[in-house]
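Please read the structure below before turning to the comments.
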Amino acid sequence: MTQRLASCSCGQLTATVTGEPVRVSICHCLACQRRTGSVFGQQARFLRTQVVLSGASTVYVRVADEGAHIRFHFCPTCGATVYYEPQGLEEYLAIPVGAFADPAFPVPQFSVYEERMHHWVIPPAGAEHIP
């Protein structure tokens, strides 16, 4: 069974996952753009039972466009987000794909908030497009 390690920049906060993600997506919302410093966020959703967390985190709670709260866990030392908890999906944890630093990570199947997508971004072939 596949095992992957997601980590903050300094290595203090980690998430070890076993098995494949249940969903991989890219999000073009403005909040993800600000959070990542990039033009979109890319995240993988895993069942909580697939994830072992280690290290201390600081939590930032943001209200999503639809009104749900999202609890972002980031390293208090280096500031990198390692995982987050979307309200209403309590059985899952989302992990930014960049935290895995794995170029072979599975391709996103969903591209969301495309109305906020930068005009030059081309989502992966075969991804479901959600405005």
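Would you mind finding the one in 82, 52, 59 that is without any contact (Cβ under 8 Å) to a residue 24 or more places away in the chain, β-branched (Val, Ile, Thr) and in contact with a strand residue (DSSP E or B) (Cβ under 7 Å, 6 or more places away or on another chain)? I'd like the intermediate steps shown before the answer.
Values: 82 fails: without any contact (Cβ under 8 Å) to a residue 24 or more places away in the chain; 52 fails: without any contact (Cβ under 8 Å) to a residue 24 or more places away in the chain.
Result: 59 is the single residue among 82, 52, 59 that is without any contact (Cβ under 8 Å) to a residue 24 or more places away in the chain, β-branched (Val, Ile, Thr) and in contact with a strand residue (DSSP E or B) (Cβ under 7 Å, 6 or more places away or on another chain).
Would you mind stating whether residue 42 is assigned to a loop (DSSP other than H, G, I, E, B) and either of a type outside the set (A, V, I, L, M) or crowded, with 18+ Cβ neighbours inside 10 Å (or both)? Outline the logic, then answer.
Numbers: assigned to a loop (DSSP other than H, G, I, E, B): no; either of a type outside the set (A, V, I, L, M) or crowded, with 18+ Cβ neighbours inside 10 Å (or both): yes.
So residue 42 fails the test.
Name the residue, out of 97, 112, 22, that is surrounded by 15 or more Cβ atoms within 10 Å (Cβ to Cβ), under 21 Å from residue 1 (Cα atoms) and among the aliphatic types (A, V, I, L, M).
97
With the checklist (1) closer than 17 Å to residue 30 by Cα; (2) among the small types (Gly, Ala, Ser); (3) crowded, with 18+ Cβ neighbours inside 10 Å in hand, flag the one item residue 68 doesn't pass.
(3)
Filter segment 14-45 for residues that are more than 25 Å from residue 77 (Cα to Cα) and at pLDDT 95 or above and give the result.
Across segment 14-45, the qualifying residues are 18, 19, 20, 21, 22, 23, 24, 25, 26, 27, 28.
Could you say which residue among 2, 14 is polar (S, T, N, Q) and farther than 24 Å from residue 125 by Cβ? Talk me through it step by step, then tell me what you get.
On the way: 2 fails: farther than 24 Å from residue 125 by Cβ.
None of the other options fit; the residue is 14.
Determine if segment 53-67 includes at least one residue that is assigned to a strand (DSSP E or B), more than 19 Å from residue 6 (Cα to Cα) and modelled with pLDDT under 95.
For segment 53-67, residues assigned to a strand (DSSP E or B), more than 19 Å from residue 6 (Cα to Cα) and modelled with pLDDT under 95: present.
Restricting segment 1-29 to residues that are part of a loop (DSSP other than H, G, I, E, B) and within 24 Å of residue 111 (Cα to Cα), which is farthest from the chain's Cα centre (by Cα)? Even if it seems obvious, please write down each step before you answer.
Of all residues in segment 1-29, those part of a loop (DSSP other than H, G, I, E, B) come to 1-2, 8-13, 19-22, 28-29.
In the following step, the residues that additionally are within 24 Å of residue 111 (Cα to Cα) were identified as 19-22, 28-29.
Working: 19: 16, 20: 14, 21: 11, 22: 12, 28: 12, 29: 13 Å.
The residue in question is 19.
The values are calculated or read from the model by the stated rules, or taken from the named source; none is laboratory data. Please read all numbers here as calculations on a predicted model, not as lab measurements. No Cβ is skipped: glycine too gets one built from the backbone with ideal geometry, and neighbour counts run over all protein chains shown.
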